[in-house]
Amino acid sequence: MTSTETIEDIRQRVDELKKQRNAVILAHNYQLPEIQELADFLGDSLGLSQQAAETDAEVIVFCGVHFMAQTAKLLSPEKMVLMPEPGAGCPMAEMITAQQVRDFKAEHGGAPVVAYVNTTAEVKAESDICCTSSNAIRIVESLDEETVLFIPDSNLADWVDRHVDKNVIAWGGYCPTHARMSPETIAYMLEQHPDAVLIVHPEARREVVDMADEVASTGGMVKFARETDAKEIIVGTEEGLVYRLQKENPGKTFYPVPHAVCPNMKKTTAQKLVASLENSQHEIDVAPEVAERARRAVERMLEAS
């Protein structure tokens with residue numbers, strides 16, 4: 001926003017453009033507060049794409065990172081999908097390529113590949129089934145094979161491996177933002193807020209996960225915050241979620257973990273959102289041959305769930 005614009009000015013312009021374009025705005029939980037305030041739907045990546053697919057909107061504007069907009073396109077191939085900030089990538093999603101998936105599978109006798117949704121469409125297309133952080137354990141358990149390859153997040157794979165009676169072989173990827181949450185920092189937070197409970201995302205390191213009172217996806221954290229009797233909560237994920245939690249639970253206090261910031265999630269601004277809507281800037285497309293196979297991996301997950 002410029003110095004003379006208010007959030008209400010921006011909101012009015014966005015509302016006008018949404019009506020003109022028959023558009024819906026999606027914002028991930030880690031987005032800037034100004035983007036969260038402008039969104040029609042706020043949530044995690046797959047849930048947002050599913051919500052958009054169920055609307056009659058012709059245009060989807062995804063405020064998140066690149067793989068999320070791709071997933072929205074997979075589930076709504078007939079809709080135009082726009083991404084206000086094309087430079088917003090996901091370091092973890094970029095830690096594995098389609099060729100590396102093929103090689104990984106060949107090295108392990110063709111074992112099934114479970115791809116976290118935090119992957120590119122090209123990687124999903126080489127995978128057998130997708131999962132989210134909330135259903136990863138259930139998806140791995142649903143497979144008949146005793147050995148499962150899990151990509152790309154080694155920390156989520158470790159969390160799954162501890163809860164299933166299977167051999168889970170992990171790719172070496174990780175989320176830099178969650179990796180920055182150290183046990184020492186968490187211990188300091190707990191010392192500073194002795195009455196607080198700790199919720200942690202399973203993308204965090206094992207040492208941090210083991211300190212948590214609750215391990216949950218962002219959607220699970222939203223639910224936990226709403227239902228818990230605790231009045232103080234340390235939020236062990238990207239700090240953007242704290243804005244939503246505090247807004248939805250004004251009688252409780254939420255503490256972000258220092259330095260748990262994803263720079264890519266902060267690249268989308270209100271001005272970029274307006275420009276994308278006005279000019280159809282940064283349309284996301286997926287090659288048909290890739291989209292068909294990637295969509296099937298997502299559909300298998302939904303069927304198994």
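Summary of computed values
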{"quantity": "Whichever residue in segment 262-305 is farther than 16 Å from PHE67 by Cα and among the aliphatic types (A, V, I, L, M) and, among such residues, is surrounded by the fewest Cβ atoms within 10 Å (Cβ to Cβ)", "calculated": "LEU302"}
{"quantity": "Failed item in (1) out of contact with any Asp or Glu (no Cβ under 7 Å at 6 or more places or on another chain); (2) assigned by TED's automatic domain parsing to the domain that holds VAL61, with LYS272 passing the rest", "calculated": "(1)"}
{"quantity": "Unmet criterion (only one of (1) under 15 Å from the mean Cα position of the chain (by Cα); (2) surrounded by fewer than 23 Cβ atoms within 10 Å (Cβ to Cβ)) for LEU156", "calculated": "(2)"}
{"quantity": "Helices (runs of 4 or more DSSP H) within segment 158-211 that include 2 or more residues of a type in the set (A, V, I, L, M, F, W, C)", "calculated": "183-192, 206-209"}
{"quantity": "Within segment 254-300, tally of residues that are more than 15 Å from LEU82 (Cα to Cα), in a helix (DSSP H, G or I) and among the aliphatic types (A, V, I, L, M)", "calculated": "6"}
{"quantity": "Number of the condition not met by SER142 [criteria: (1) surrounded by 18 or more Cβ atoms within 10 Å (Cβ to Cβ); (2) over 18 Å from VAL286 (Cα atoms); (3) more than 17 Å from the chain's Cα centre (by Cα)]", "calculated": "(1)"}
{"quantity": "Which numbered condition PHE150 misses (of (1) buried (at least 24 other Cβ atoms within 10 Å of the Cβ); (2) farther than 17 Å from LEU302 by Cα; (3) in the same structural domain as LEU42 (by TED's automatic domain parsing))", "calculated": "(3)"}
{"quantity": "Residues (of a type in the set (Asp, Glu) and crowded, with 16+ Cβ neighbours inside 10 Å) located in segment 230-261", "calculated": "GLU238, GLU239"}
{"quantity": "Within segment 21-41, tally of residues that are closer than 16 Å to LYS79 by Cβ and either in a helix (DSSP H, G or I) or out of contact with any Phe, Trp or Tyr (no Cβ under 6 Å at 6 or more places or on another chain) (or both)", "calculated": "7"}
{"quantity": "Subset of segment 11-44 [touching a strand residue (DSSP E or B) at 6+ places or on another chain (Cβ under 7 Å), among the small types (Gly, Ala, Ser) and surrounded by fewer than 24 Cβ atoms within 10 Å (Cβ to Cβ)]", "calculated": "ALA23, ALA39"}
{"quantity": "Total residues in segment 226-248, condition part of a loop (DSSP other than H, G, I, E, B) and aliphatic (A, V, I, L, M)", "calculated": "1"}
{"quantity": "Residue in segment 42-96 that is farthest from VAL123 (Cα to Cα), counting only those that are aliphatic (A, V, I, L, M) and in a loop (DSSP other than H, G, I, E, B)", "calculated": "ALA57"}
{"quantity": "Residues (more than 13 Å from ASN118 (Cβ to Cβ) and surrounded by fewer than 21 Cβ atoms within 10 Å (Cβ to Cβ)) located in segment 77-98", "calculated": "PRO77, GLU78, LYS79, MET80, PRO86, GLY87, THR97, ALA98"}
{"quantity": "Single unsatisfied condition, GLY251 versus (1) out of contact with any strand residue (DSSP E or B) (no Cβ under 8 Å at 6 or more places or on another chain); (2) not in a loop (DSSP other than H, G, I, E, B); (3) not polar (S, T, N, Q)", "calculated": "(2)"}
{"quantity": "Residue ID - surrounded by the fewest Cβ atoms within 10 Å (Cβ to Cβ), chosen from residues in segment 50-71 that are among the small types (Gly, Ala, Ser) and more than 17 Å from MET265 (Cα to Cα)", "calculated": "ALA53"}
{"quantity": "Failed criterion for THR119 (all others in (1) among the hydroxyl-bearing types (Ser, Thr, Tyr); (2) assigned to a loop (DSSP other than H, G, I, E, B); (3) more than 24 Å from GLY47 (Cβ to Cβ) hold)", "calculated": "(3)"}
{"quantity": "Test: residue in segment 214-225 that is part of a loop (DSSP other than H, G, I, E, B), assigned by TED's automatic domain parsing to the domain that holds ASN249 and under 26 Å from VAL242 (Cα atoms)", "calculated": "yes"}
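The values are calculated or read from the model by the stated rules, or taken from the named source; none is laboratory data. The shown structure was predicted, so the numbers you read here are calculated from the model rather than taken from an experiment. For neighbour counting, all protein chains shown are included, and Cβ atoms are generated from backbone atoms with ideal geometry for every residue, glycine included.
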